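There's a structure below that I have some questions on.
The values are calculated or read from the model by the stated rules, or taken from the named source; none is laboratory data. The shown structure was predicted, so the numbers you read here are calculated from the model rather than taken from an experiment. Don't worry about glycine lacking a Cβ; one is built from the backbone with ideal geometry, like all the others, and counts go over all protein chains shown. The protein model used for the area step is the full one, side chains on, heavy atoms only, and it has no ligands, DNA or RNA in it. Shrake-Rupley method; radii C 1.70, N 1.55, O 1.52, S 1.80 Å.
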Amino acid sequence: MNHTQNGHRPDRDRTEPADDEAAQLTVDQAIRLAMGLQQRLRLDEAETIYRRILDHTPGHPDSMHFLGLLQHQRGRPEEAIRLISLALQKAPAYADARNNLGNIFREQDRLEEAEACYRRVLELAPENAGAYNNLGTVLRAQGRLAEAETAYQQAIQLAPDFHGSYENMGNLLSQQGKAAHAVAHYCQAIVLDPDHPGSKRMLGIALASLGRIAEAASVFRAWSEQDPDNPVARHLLAACSGERTPERAPDDYVKQVFDNFAGRFEERLGGLEYRAPQLVAEAVARVHAAPAADLRTLDAGCGTGLCGPLLRPFARRLEGVDLSPGMLGRARATGWYDALEEAELTGFIAARPAAYDLIVSADTLCYFGDLDAVMAAAAGSLRPGGTFIFTVEHGGEEDLSRAAGFRLNPNGRYCHGEAYVRHVVAAAGMELVSLVHAPLRQEMGAPVAGLVVTAAAGRGRRGVSERRDRG
């Protein structure tokens with residue numbers, strides 16, 4: 001999130017900040033000093049200066065605004081919102097503060113409030129390209145795609161040298177299945193900011209979706225050569241080139257991708273008809289018809305906690321595990337979980353024998369190719385009669401039958417064959433209770449086929465329920 005910090009106004013009153021260097025500065029000079037400290041993540045020193053300014057000049061709008069941003073940096077969004085709102089009470093026309101308040105609302109998925117902030121900014125500053133770009137992002141998250149496109153177009157018209165609006169427009173076009181048009185916008189974003197990784201990632205994925213796999217591989221190869229330590233570039237190059245293809249996505253790849261997405265994960269899902277958490281919850285309800293809050297439950301690959309409110313009615317204790325600390329921070333803020341841990345999923349599960357009545361994994365095993373180890377770990381971690389409910393992306397059976405039963409796709413995720421899933425469930429000593437075909441979400445304007453699988457540990461043989469959900 002790009003917070004603006006250039007909204008201070010000249011103020012020649014004197015104050016006495018705590019830092020000796022700032023002791024005899026004007027308020028404006030002290031704020032500049034604190035902003036520099038804040039940008040260098042010397043947050044305690046910056047906060048001391050802001051609070052001394054507020055002691056001397058109560059209600060000073062700049063100090064409350066920047067102190068609010070500092071609280072947001074500390075992971076205290078409600079305090080950030082309170083402080084910036086107070087700044088706006090003192091200075092209602094303070095456009096930068098209102099834009100930043102919208103950004104924080106957006107990260108908290110308070111989309112209507114974020115939209116109102118951006119629209120007010122545009123009333124105050126009609127030529128503010130950043131506010132149009134931010135408005136487009138919120139509209140897209142709400143599924144209002146035509147309005148989002150108009151907002152991005154306005155942002156590009158006002159600031160044709162800002163790469164972010166081109167990337168966001170590319171993402172919107174990709175979502176609508178207009179990959180060829182998206183490619184042009186990603187290319188322009190890269191021209192404007194050659195070092196920005198997001199545009200390179202999405203350009204390669206868009207090219208691959210058009211069947212231009214060799215071109216996609218060239219994008220990822222050039223990126224890997226430029227940044228050889230970047231796990232995202234390495235993994236996507238392997239996915240498109242077939243070179244050194246791993247049997248599961250590396251931990252550093254998963255961590256980096258989801259840390260980058262953490263602050264806008266739900267926003268990225270806007271308009272994608274994302275169904276995996278709901279499909280998993282429906283599968284839980286088929287096994288445990290009446291929620292009784294009596295199950296020891298693990299959300300394996302919990303992400304930002306989208307499954308939390310759906311699982312909570314069934315759970316006596318609800319735990320979550322994920323590789324991404326950014327995602328875990330969002331999950332922690334929901335309050336749904338009794339415990340959250342940053343760890344690799346398979347190792348975490350394997351270290352907890354007979355610990356759970358229910359393990360769920362929504363849209364996580366698509367980062368695993370070989371499922372044997374995680375399936376065996378789940379079988380050992382379930383108590384007798386416990387269930388493992390998970391989703392995978394479903395690949396064409398004919399293609400997969402010639403390989404290992406799974407395939408790494410150019411987008412960096414794996415798909416699995418139904419026969420392979422049946423095999424690994426049986427090999428782990430579990431019984432297949434149900435297998436449901438259902439679209440998991442939309443991608444590049446097309447549904448992503450999926451399997452929703454329920455496997456049971458330590459139960460007698462029973463009939464397998466199978467159905468196809470056309471969504």
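Take the stretch 304-327 and flag every residue that is assigned to a helix (DSSP H, G or I), in contact with a Gly (Cβ under 9 Å, 6 or more places away or on another chain) and at pLDDT 95 or above.
308
What number of residues within the stretch 304-327 are farther than 23 Å from residue 142 by Cα, open to solvent by 50 Å² or more (accessible area, probe 1.4 Å) and without any contact (Cβ under 8 Å) to a residue 40 or more places away in the chain?
The total comes to 4.
Another question, if that's okay. Being touching a strand residue (DSSP E or B) at 6+ places or on another chain (Cβ under 9 Å), open to solvent by 20 Å² or more (accessible area, probe 1.4 Å) and not aliphatic (A, V, I, L, M): is that true of residue 72 here?
no
Of all residues in the stretch 92-111, how many are open to solvent by 20 Å² or more (accessible area, probe 1.4 Å) and either at positive phi or not in a helix (DSSP H, G or I) (or both)?
Adding up the residues that qualify gives 5.
Of the conditions (1) open to solvent by 80 Å² or more (accessible area, probe 1.4 Å); (2) more than 39 Å from the chain's Cα centre (by Cα); (3) at pLDDT 50 or above, residue 40 satisfies every one except a single condition; which number is it?
Just one mismatch for residue 40, condition (2).
Inside the stretch 360-376, can you point out the residues that are open to solvent by 10 Å² or more (accessible area, probe 1.4 Å), in contact with a Lys or Arg (Cβ under 9 Å, 6 or more places away or on another chain) and either assigned to a helix (DSSP H, G or I) or under 20 Å from residue 306 (Cα atoms) (or both)?
Selection gives 363, 367, 373.
Right, next: For the stretch 57-110, what are the residues that are polar (S, T, N, Q) and touching a helix residue (DSSP H, G or I) at 6+ places or on another chain (Cβ under 8 Å)?
If the condition is that a residue be polar (S, T, N, Q) and touching a helix residue (DSSP H, G or I) at 6+ places or on another chain (Cβ under 8 Å), then 57, 63, 71, 73, 85, 99, 100, 103, 108 are the ones that fit.
OK, next. Looking at the stretch 160-217, which of the residues that are touching a His at 6+ places or on another chain (Cβ under 8 Å) and not in a helix (DSSP H, G or I) is surrounded by the fewest Cβ atoms within 10 Å (Cβ to Cβ)?
The residue in question is 196.
Now a separate question. Can you pull out the residues in the stretch 21-54 that are free of Cβ contacts under 8 Å to residues at least 12 places away in the same chain and in a helix (DSSP H, G or I)?
29, 36, 44 - these are the residues of the stretch 21-54 that are free of Cβ contacts under 8 Å to residues at least 12 places away in the same chain and in a helix (DSSP H, G or I).
Show the residue pairs meeting these rules: Cβ distance below 9 Å; 6+ apart or different chains; first residue within the stretch 416-429 and at positive phi; second residue open to solvent by less than 30 Å² (accessible area, probe 1.4 Å).
Correct list of pairs: 429/379; 429/457.
Another question, if that's okay. If you go through the stretch 223-250, how many residues are under 25 Å from residue 343 (Cβ atoms), surrounded by 13 or more Cβ atoms within 10 Å (Cβ to Cβ) and of a type in the set (D, E, K, R)?
3
Restricting attention to the stretch 113-142, which residues are without any contact (Cβ under 8 Å) to a residue 24 or more places away in the chain and not basic (Lys, Arg)?
113, 116, 117, 118, 122, 123, 126, 135
If you check every pair at least six apart or on different chains, which have Cβ atoms under 7 Å apart with a residue in the stretch 337-359 that is closer than 22 Å to residue 458 by Cα and surrounded by fewer than 21 Cβ atoms within 10 Å (Cβ to Cβ) first and a residue that is at pLDDT 95 or above and hydrophobic (A, V, I, L, M, F, W, C) second?
Short answer, once both residue conditions are applied: 346/373; 346/374; 346/377; 348/321; 350/377.
Here are the criteria: (1) touching a Ser or Thr at 6+ places or on another chain (Cβ under 8 Å); (2) within 27 Å of residue 448 (Cβ to Cβ); (3) not hydroxyl-bearing (Ser, Thr, Tyr). Tell me which single one residue 315 does not satisfy.
(2)
Next question, about the same structure. Which members of the stretch 75-91 meet the condition of being at pLDDT 95 or above, open to solvent by 20 Å² or more (accessible area, probe 1.4 Å) and closer than 15 Å to residue 51 by Cβ?
Within the stretch 75-91, 79, 82, 86 meet the criteria.
Select from the stretch 276-303 the residues that are farther than 23 Å from residue 447 by Cα, among the charged types (D, E, K, R) and not in a strand (DSSP E or B) and write down the one among them that is least open to solvent (accessible area, probe 1.4 Å).
294
Okay, next question. Looking only at the stretch 428-456, which residues are among the hydrophobic types (A, V, I, L, M, F, W, C), modelled with pLDDT under 95 and over 15 Å from residue 362 (Cβ atoms)?
444, 446, 449
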